[in-house]
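Single-structure report; data block below.
The values are calculated or read from the model by the stated rules, or taken from the named source; none is laboratory data. Keep in mind that this is a model prediction, so the values were computed, not measured. Positions of Cβ are generated from backbone atoms using ideal geometry, with glycine treated the same way; all protein chains shown enter the neighbour counts.
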Amino acid sequence: MEAPAPSPVTSPRSIPSFPGRFLTGNLSDFRSNRLKLFRDVKETCGEIGTIRVGPLPMLLVSSGGIAHTILHGHANDVDGGPLVKTFVPLVGERSLVLLHGPQHRKQRKLLAPSFQREQLAHFTQTMVRYTLEAIEGWRDGQELDVHGEMASLTMRIIGKTLFDVDYRHETNELLGAMGLALEHIEYLTSSLVQIPLSWPTPRNKRVRDALHTIDTTFREMIRQRRVDHAQRKDMLSSLVQVRDEEGQPISEDQLHDDLMTIYAGHESTALSLGWTWYLLARHPEVLARVRQEVDTVLGGRPPAFEDLPHLRYTLQVIKESLRLYPVIFMLARAPTRDLDVAGYRLPKGQMILMPPYIIHRDATFFPEPERFDPDRFRPELEKQLPRYAYIPFGAGPHTCIGNHFAMMEKQLIVATMVQRLNVELVDDKELPPEVLTVTLRPAHLAMRVEHRKDASASAVS
């Protein structure tokens, strides 16, 4: 009897390379025109292609299906790689952003109950009250720096909900320190040659001082909450009471890094709100529908947690703005072993970039992908989308743990502001995104506000 013929060995599919300069590759465009570079790579190479940032080759994945396989199916076979590790000075080595495998699963399991939607319900009054206080400080006809105002608002909200601190009334060095730390991350991710933080340069001294301020402030708060958590209702008071399977609390070092990660998220929410206001102001017919829904559902009173399921179109607007302008526009992973994905060989250690900004523009799932259309996220249509088509908070085990908090916060802020304000852009020209680290900011977004004369809503006491 003849032995069966051996199965043919299938060669890996070749990955096309995107052209670049001889020495620097695609470094210039990666630094200064990253979104166009990503679009060009997709157009030239298709679902996956190789770019070169100086001497460093990187894979760019434009396919949601391949990205989902890497982020979900191979979650235990990848880590953040060198790009994500630049965040260590800000979020620490034990951050959920950097942990992988069993360590990540254990820590996420401990934190997850504090981030369930129902557990966050008691924060809604703070979100609405602070939004109303911001609105009351704006004059009719005033021109606002939208990002600055949204950053101030979300900073107050995260300070109160996380630490029970009101940054509007308390002077705190933490604000400036966090700003310096975030600027340092932007510097690290855009520099080919990085000066070690230990070197005694003026920049490094400022950054080290800022990180020391953050470190001592967070540790002081953790120690205080271990004593007085029963008198507080903030998130930190909940986290210090968490116990693992052996009955042990989360260590101070781990809590410190968790707080850094959570706190830094306020900037992403502020940027996302800026894009939402930009899109609403440019599409008055959508703004009118949001206002009609808000007025009908709320009847002039401030929104509450129970109203969120009924503010459906408002939520659709937020989801569509995240589709067009995902604040975290680029996800990065590196295999810890050779992987075969969709017939491609992904070598161990190879930096892989997966931009939701490109994945969200797949015309297969989003016809006329550049068009702003919140009806794409009507519940019956959203259910038909594959999971990999829309990933504004990532995918797999590393999906952002604060996604419920962020969506609830944005929905409440938009509803409260639409209920009380008329808004218009100071300049109606199309606004190009500014690439900051791995986030997108609307460049120089200024809006003019006027309090609605037909709004009968009463202020929150």
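Per-residue answers, yes or no, for (1) under 16 Å from the mean Cα position of the chain (by Cα); (2) closer than 17 Å to G46 by Cβ; (3) in contact (Cβ under 8 Å) with a residue 40 or more places away in the chain:
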{"position": "K319", "(1), (2), (3)": "yes, no, yes"}
{"position": "P326", "(1), (2), (3)": "yes, no, yes"}
{"position": "D338", "(1), (2), (3)": "no, no, no"}
{"position": "D362", "(1), (2), (3)": "no, yes, yes"}
{"position": "E368", "(1), (2), (3)": "no, no, no"}
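In the range 7-28 there is at least one residue matching the filter, namely being of a type in the set (F, W, Y), buried (at least 19 other Cβ atoms within 10 Å of the Cβ), at pLDDT 90 or above and not in a helix (DSSP H, G or I).
Here is a yes/no grid of residues against (1) within 17 Å of E149 (Cβ to Cβ); (2) surrounded by fewer than 16 Cβ atoms within 10 Å (Cβ to Cβ); (3) modelled with pLDDT of 95 or more:
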{"site": "T399", "(1), (2), (3)": "no, yes, no"}
{"site": "N403", "(1), (2), (3)": "no, yes, no"}
{"site": "P432", "(1), (2), (3)": "no, yes, no"}
{"site": "L436", "(1), (2), (3)": "no, no, no"}
{"site": "R441", "(1), (2), (3)": "yes, no, no"}
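Taking the range 290-306 as the region of interest, how many residues are crowded, with 17+ Cβ neighbours inside 10 Å and either in a helix (DSSP H, G or I) or more than 29 Å from the chain's Cα centre (by Cα) (or both)?
8
Taking the condition assigned to a helix (DSSP H, G or I) and modelled with pLDDT of 95 or more, does E267 pass? It is false that E267 is assigned to a helix (DSSP H, G or I) and modelled with pLDDT of 95 or more.
Looking only at residues in the range 371-387 that are part of a helix (DSSP H, G or I) and either at pLDDT below 95 or out of contact with any Ser or Thr (no Cβ under 9 Å at 6 or more places or on another chain) (or both), the one that is nearest to Q107 (Cα to Cα) is R387. Out of A75, A112, A134, A121, one residue alone is exposed (fewer than 15 other Cβ atoms within 10 Å of the Cβ), of a type in the set (A, V, I, L, M, F, W, C) and touching a helix residue (DSSP H, G or I) at 6+ places or on another chain (Cβ under 8 Å). It is A121. L259: of a type in the set (A, V, I, L, M), assigned to a helix (DSSP H, G or I) and over 20 Å from the mean Cα position of the chain (by Cα), yes or no? No, not satisfied.
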